[in-house]
Amino acid sequence: MKPTLKIQERFPLAPLTTFQIGGEARFFVRATTESEVAETVKFAAENALELFVLGGGSNVLISDHGFDGMVLQIGILGLGELLPRENGTTLITVGAGEDWDRFVEYCVTNNLSGVECLSGIPGYVGGTPVQNVGAYGQEVAETITEVRCLDRRSGDVLTLRNEECGFTYRTSIFNSSHRDRFIVLSVTFALSQGGVPNISYRDLKGHFGDTQPSITEVREAVLSIRRRKSMVIDRDDPNSRGAGSFFKNPIITKDKLEQIRTSFEDVPSFDFGDMVKVPAAWLIERAGFKKGYCVGNAGISANHTLALINRGGANSADIIVLMELVQEKVADVFGIKLDPEPIFIGF
């Protein structure tokens, strides 16, 4: 083995995930520098080991059998210098291993707007461009300018501009066309100094009414709303032992929406180009699932229908059974397939 790498064997993965579920990794490395990332990738390739890149563990479900390969956790830290630009934005480059919410707090403290609605989301900065993380009317694609990453094919470190990342709803090249090719090392954001906060989302409009809040007030409101829904990780809240929103909001045709409205009144929807987006939580509830519904040790959060949780002692098979039950019922009632947000590892 490479003597400069701290490679651990039979490493427990459950404690590294917000689900608190999963078996062991055959090999595990937490890389804190770009060179350690490159060295781990090379080691895995030379030893014919499957490689899984782990961030903060907030969007993953790991098999009870674990992962028979190399798990590489990205632990690259660092908040770069704030660089004002003539267009009124300020650039900042952030290490992929930085805690996302601590970064959002830093931005708000420095009166930089653009990510305040993404407060309370668990995980690392490096995971945000992969899924194009979004909530409460914001997406990271709106503020990301560049993503520095390691190309696993060539071994080169590349910088991809925003337009090269292929950002769409909960999607990027990192989890679609080029899945498993790039490893995010750092992300550069362009934030607005003293900008007006985003309060386009319904819950925030209802909270603030006609007043114009500061970005600090928006962050506090988002955290409060998320806590009520158990969407902020809290060791004392069993309903937060999950991966947040488990299903993506499906995007359907307007004809399909009208078809649903023949059987259901007041169907919520949001324009999405020529299509419409329907809340997955609404579909799940109308398919007959209530908050707190459970199957063994897996359940639906008592505070948010969209979150599947580990009620205590659940394994990955329990979560899969519940997921498939929800998917099947929604498909039967609406003819819509719900796609999960988490990544499934070791299955």
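The values are calculated or read from the model by the stated rules, or taken from the named source; none is laboratory data. Quantities reported herein were computed from a predicted structural model and do not represent experimental measurements. Ideal geometry is used to build each Cβ from the backbone, glycine not excepted, and the neighbour counts take in all protein chains shown. Calculation scope for accessible area: heavy atoms of the full protein, side chains included, ligands and nucleic acids excluded. Shrake-Rupley method; radii C 1.70, N 1.55, O 1.52, S 1.80 Å.
Assorted remarks:
- Computed lengthening from Asp68 to Glu50, 0.36 nm per intervening residue step minus Cα-Cα distance: 5.7 nm
- Sites Leu83 and Val157, calculated FRET efficiency, Cβ-Cβ separation with R0 22 Å, nearest 0.05: 0.60
- The range 200-326 - percent of accessible surface contributed by carbon and sulfur, probe 1.4 Å: 45
- Net charge contributed by nearby residues that have their C-beta within less than 15 Å of His207 (K/R +1, D/E -1): +2
- Taking a straight line from the alpha carbon of Lys6, these aspartates and glutamates sit under 19 Å away, with near neighbours fewer than eight places off in the same chain left out: Glu24, Glu34, Glu36, Glu39, Glu46, Glu50, Asp68.
- Ranked packing of 94-101, 172-179, most packed first, by mean Cβ within 10 Å: 94-101, 172-179
- Among the listed pairs Lys205/Lys290; Lys256/Lys291; Lys290/Lys329; Lys254/Lys290; Lys254/Lys337, those whose Cα-Cα separation exceeds 22 Å are Lys205/Lys290; Lys256/Lys291; Lys254/Lys290.
- Theoretical FRET efficiency, 1/(1+(r/R0)^6), r = Cβ-Cβ of Asp99 and Cys294, R0 25 Å, to 0.05: 0.25
- Atom-type composition of the exposed protein surface of the range 1-57 places 50 percent of the accessible area on carbon and sulfur (1.4 angstrom probe).
- Sites Asp236 and Ser200, calculated FRET efficiency, Cβ-Cβ separation with R0 41 Å, nearest 0.05: 0.80
- Over the chain, DSSP H runs of length four or greater, each weighted -39,500 (n - 2.57), average out per residue to a 222 nm ellipticity of -7000 deg cm²/dmol.
- Share of carbon and sulfur in the accessible heavy-atom surface of the range 131-178 [1.4 Å probe, %]: 42
- Shape category assigned to the range 195-295 from the gyration tensor of Cα positions, a/c cut at 1.5: oblate
- Residue-normalised accessible area of the chain, given per residue in Å² at a 1.4 Å probe: 46
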